[in-house]
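The values are calculated or read from the model by the stated rules, or taken from the named source; none is laboratory data. Not measured: the values here are computed from a predicted model. Here Cβ is always computed from backbone atoms with ideal geometry, including for glycine, and neighbour counts include all displayed protein chains. Remember, those area values only see protein heavy atoms, side chains included, never the ligands or the DNA or RNA. Shrake-Rupley method; radii C 1.70, N 1.55, O 1.52, S 1.80 Å.
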Amino acid sequence: MRGEKRIVGEYSTSDDKGPLLFVTAGIHGNEPSGIVALEKVFGVLEREKPVISGKIVGVRGNVKALKNGVRFIDEDLNRTWTEQNVVQKVRDTNEKKEMFEIMDLLEKYPGSSFSKRYFLDCHTTSSESVPYISVQETGGNDAWAHRFSTYIIRGFSDIVDGCIDHYLSRTGLTGFVFEGGQHKSGEAVRNHEGMIWKALENACGLDLDQLKVYPNAAKVFSTGTDQPKTFEILYRHAIEDGDVFRMEKGYGNFRPIVTNELLAIHNGEEVRSKWDAFVFMPLYQAQGNDGFFVVREVC
């Protein structure tokens with residue numbers, strides 16, 4: 001992974017007390033596309049100097065895991081942001097050290113210095129996937145997410161403890177996780193770039209027409225057009241350390257499933273659907289504690 005600095009970029013054009021857009025990427029070390037997208041966006045911003053209100057900051061997540069090209073070193077960084085870990089301040093794993101470094105960095109951009117603080121956390125998936133937002137239903141998160149035209153999943157971090165978006169939300173920021181596509185897909189970079197541009201437009205008032213060339217990536221997520229489809233989670237299939245889990249081939253996010261359909265083999269036992277619904281986040285990588293989720297469309 002190129003570079004080891006925590007901050008990918010920082011950009012502002014005035015000293016006004018405008019919004020903060022805090023963008024994290026690479027929280028999982030095998031998901032670098034958000035960082036590539038940030039580098040592209042900051043490259044354009046620094047060359048063309050468009051006017052924005054407030055500031056955007058781009059941040060690398062799990063720096064050591066990114067350097068080694070693995071999901072994590074000791075534990076999943078997107079499971080460490082629990083209230084207990086934050087209070088205890090124990091730095092006994094690489095991921096807890098990385099977590100506290102990101103928290104310390106965020107403290108340099110306090111709420112008192114900005115009119116509002118937004119976050120965008122960039123991820124990718126192990127299976128092929130359309131892009132989607134994962135949003136926690138607290139504060140203004142859900143309303144903010146619905147300003148972007150893409151699929152929306154509600155409640156993931158309410159089921160899975162220790163996600164970074166849960167921490168950021170409970171400390172007063174408004175935002176969501178954005179899943180750009182499959183880990184190694186070029187489309188994931190494009191989708192992350194597009195979402196960052198649109199978040200800058202919505203949060204910091206960037207006029208994309210100021211740019212010499214309107215970013216093609218941003219056209220995918222235009223606001224105020226198509227009504228995004230919204231889903232909620234019905235079921236999480238958890239995997240414990242030492243379990244043997246194999247997802248059946250061919251599943252991707254939001255693929256329809258029917259009752260009694262064979263979804264996976266877990267410790268030698270068949271796992272069959274109990275719902276007519278949709279599969280979400282099927283696991284096709286070695287590391288991970290979530291085999292798959294089942295979701296239903298709500299609007």
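Which percent, nearest 5, of DSSP beta bridges in the chain are antiparallel?
Rounded to the nearest five, the antiparallel share is 50 percent.
Per-residue ellipticity at 222 nm for the chain, helices alone: DSSP H runs ≥ 4 residues times -39500 (n - 2.57), over residue total, nearest 500 deg cm²/dmol?
Calculated at 222 nm, the ellipticity per residue is -7500 deg cm²/dmol.
For region 234-299 and region 147-183, compute the distance between their C-alpha centroids and round to whole Å.
A separation of 20 Å, based on Cα centres.
Exceeding 21 Å between C-alpha atoms, which entries from my cross-link table qualify? They are K40/K198; K67/K249; K40/K97; K17/K55.
Long pairs (Cα-Cα over 21 Å): K67/K249; K40/K97.
What's the longest piece of the chain with no exposed GluC sites (Glu not before Pro), counting a site as exposed if DSSP puts it in a loop and it has at most 16 other beta carbons within 10 Å?
Longest gap between qualifying sites, sites excluded: 138-239.
If I fit a long axis through the Cα atoms of helix 186-204 and take the longest principal axis of the Cα atoms of the chain, what angle between them do I get, 0 to 90°, rounded to 10?
With rounding to tens, the tilt is 50 degrees.
Which of the trypsin sites (Lys or Arg not before Pro) found in region 71-110 are in a DSSP loop and have at most 12 neighbouring Cβ atoms, other than their own, within 10 Å?
K89, K108
In degrees from 0 to 90, rounded to the nearest 10, what is the angle of the helix 94-106 Cα long axis to the longest principal axis of the chain?
30 degrees
Taking N as the number of residues in the chain, what is its Cα Rg relative to 2.2 N^0.38 Å?
Compactness ratio reported: 0.98.
Kindly give the semi-axes, whole Å and largest first, of the ellipsoid equivalent to region 1-132, taking each as the square root of 5 times a Cα gyration tensor eigenvalue.
Its equivalent ellipsoid spans semi-axes of 25, 20, 13 Å.
Please list, in chain and number order, the residues 5+ apart from G181 or on another chain whose amide H is under 5 Å from its amide H, with Hs placed from the backbone.
Here the answer is T125, since their amide H atoms fall under 5 Å of that of G181.
Choose one answer from G155, G61, G29: the residue with the largest mean-square fluctuation in a GNM of the chain with alpha-carbon springs under 10 Å.
The residue with the greatest mean-square fluctuation here is G155.
Of all beta bridges DSSP finds with both residues in region 1-140, what is the antiparallel percent, to the nearest 5?
That works out to approximately 30 percent antiparallel.
Putting +1 on Lys and Arg Cβ atoms and -1 on Asp and Glu Cβ atoms, find which of N141, T80, V298 reaches farthest to the positive end of the dipole of the chain.
Of the listed residues, the answer is N141.
Dimensions of region 2-63 along principal axes (Cα, Å, largest first)?
In descending order, the Cα extents are 36, 22, 15 Å.
Restricting to DSSP loop positions (anything but H, G, I, E, B) with no more than 15 other Cβ atoms inside 10 Å of their own Cβ, which chymotrypsin sites (Phe, Trp or Tyr not before Pro) remain in region 165-224?
none
Summarise the accessible area of the chain (1.4 Å probe, protein heavy atoms) by the percent that is carbon and sulfur.
46 percent
Please give every one of the aspartates and glutamates within straight-line cross-link reach of K274, meaning a C-alpha to C-alpha distance under 14 Å, and leave out same-chain neighbours fewer than 8 residues apart.
Cross-link targets: E261.
Taking amide H positions as placed 1.01 Å from N in the peptide plane, with prolines and chain starts having none, which residues 5 or more places from I257, or on another chain, fall under 5 Å of its amide H?
A277, F278, V279
Taking the Cα centre of the chain as the origin and placing charges on Cβ (Lys, Arg +1; Asp, Glu -1), which of W197, Y284, T259 is farthest toward the positive end of the dipole?
Among W197, Y284, T259, the one farthest towards the positive end of the dipole of the chain is W197.
Pick from D276, D142, D76 the residue whose mean-square fluctuation is largest in a GNM of the chain, springs joining Cα atoms under 10 Å.
Most flexible of the set in this elastic network: D276.
When the dipole is taken about the Cα centre of region 179-293, and only Lys, Arg (+1) and Asp, Glu (-1) are charged at their Cβ, what size is it in debye, to the nearest 20?
The calculated dipole for region 179-293 is roughly 320 debye.
For A188, what is the net charge nearby, where nearby means another residue's Cβ is under 9 Å from its Cβ and Lys, Arg count +1, Asp, Glu -1?
Net charge in that neighbourhood comes out at -1.
Could you give the angle, 0 to 90 degrees to the nearest 10, between helix 33-48's Cα long axis and the longest principal axis of the Cα atoms of the chain?
The angle comes out at about 10 degrees.
When the scattering of region 154-299 is computed by the Debye formula from its Cα atoms alone, each counted once and equally, what is log10 I(q)/I(0) at q = 0.10, 0.11, 0.13, 0.21 Å⁻¹?
-0.46, -0.55, -0.74, -1.40
E46 to K5: extension gain in nm, 0.36 nm per residue of separation minus the Cα-Cα distance?
Full extension of this stretch gives 13.0 nm more.
Which value, in Å², gives the accessible area per residue of the chain when a 1.4 Å probe is used on the protein heavy atoms?
Counting only protein heavy atoms, the per-residue value for the chain is 44 Å².
In the Gaussian network model of the chain, springs joining C-alpha atoms below 10 Å, which of Q136, Q182, Q285 carries the largest mean-square fluctuation?
Ranking Q136, Q182, Q285 by mean-square fluctuation puts Q285 first.
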